[in-house]
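Quick notes on the structure that follows.
Readers should treat all values here as calculations from the given coordinates under stated rules, not as data from a laboratory. A quick note: this is a predicted structure, and the numbers were derived from the prediction, not measured. Please note: Cβ atoms are built from the backbone with ideal geometry, for glycine as well, and neighbour counts cover all protein chains shown.
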Amino acid sequence: MYRRGFTIVELLIVIVIIAILAVLSVVAYNGITARSQASAVASDLRATIKGFMLYKEAVGMNTWTIESDASWNGLITGNPTIPSIIAYNASFREFVPKTPQTTGLGTASAWLYDNELDTYVNCAVNSNGTNIILQNVTNLTVAQLLDAAIDDGDLNCGNMHLSGTSLIYNLSKTP
């Protein structure tokens with residue numbers, strides 16, 4: 001007997017196979033997106049860290065001076081954003097011409113400069129010093145990938161660590 005078309009079982013098997021392939025491709029795409037976002041932020045952050053270190057050397061600081069954060073931009077008390085420092089401080093702008101990205105890290109807005117010796121938990125001990133801070137980090141996958149690219153891959157310890165929802169890079173401990 002000659003039959004035309006497919007049976008319902010054959011169609012269901014094909015639909016299930018297509019659904020499995022679709023799920024695998026979506027998962028792979030999300031991983032690729034997170035890695036590319038972390039890579040872009042890491043590249044900018046490395047350049048910013050290097051700029052801070054070169055600036056420190058150029059102005060003759062052996063260590064980060066304990067001074068008001070407002071001295072960086074003259075306008076804001078507290079922790080100024082890196083964009084405000086770049087806009088205000090022409091000599092610093094030579095070393096850090098652009099703001100590091102925050103793409104993919106959630107609701108975070110701008111990196112902050114903190115030189116008030118605030119204390120943050122790092123590896124279950126308190127640490128302080130001069131930091132670059134990104135607040136309101138909600139995407140821990142990208143944060144983990146960023147930490148792996150910049151530091152040791154452990155969000156709880158190291159030069160880069162997570163304290164609450166703040167991603168902190170400690171400039172004071174950078175060689």
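Brief remarks on what is shown
- Placing +1 on the Cβ of every Lys and Arg and -1 on the Cβ of every Asp and Glu, with nothing else charged, gives the chain a dipole about its Cα centre of roughly 800 debye.
- By the rule of a C-alpha distance below 18 Å, with chain neighbours fewer than 8 residues away ignored, the lysines paired with Lys173 are Lys50, Lys56.
- Ascending count of other beta-carbon atoms within 10 Å, so fewest first, for Tyr88, Tyr120, Tyr169, Tyr113: Tyr88, Tyr120, Tyr113, Tyr169
- For Ser163, the shell of other residues with beta-carbons less than 12 Å away shows a net charge of -2, using +1 for Lys and Arg and -1 for Asp and Glu.
- Sorted by Cβ neighbour density within 10 Å, fewest at the top, the residues Val41, Val27: Val27, Val41
- Nearest-ten-degree value, helix 8-58 long axis tilted from longest Cα axis of the chain: 10 degrees
- Qualifying aspartates and glutamates (Cα of each under 17 Å from Cα of Lys98; at least 8 residues distant if same chain): Asp44
- Using a simple spin-label model with pseudo-atoms 7 Å out from Cα toward Cβ, Lys50 and Lys173 lie 2.3 nm apart.
- Look at Val96, Val9 and count the other Cβ atoms within 10 Å of each Cβ; fewest to most, that gives Val9, Val96.
- Nearest-ten-degree value, helix 140-150 long axis tilted from longest Cα axis of the chain: 60 degrees
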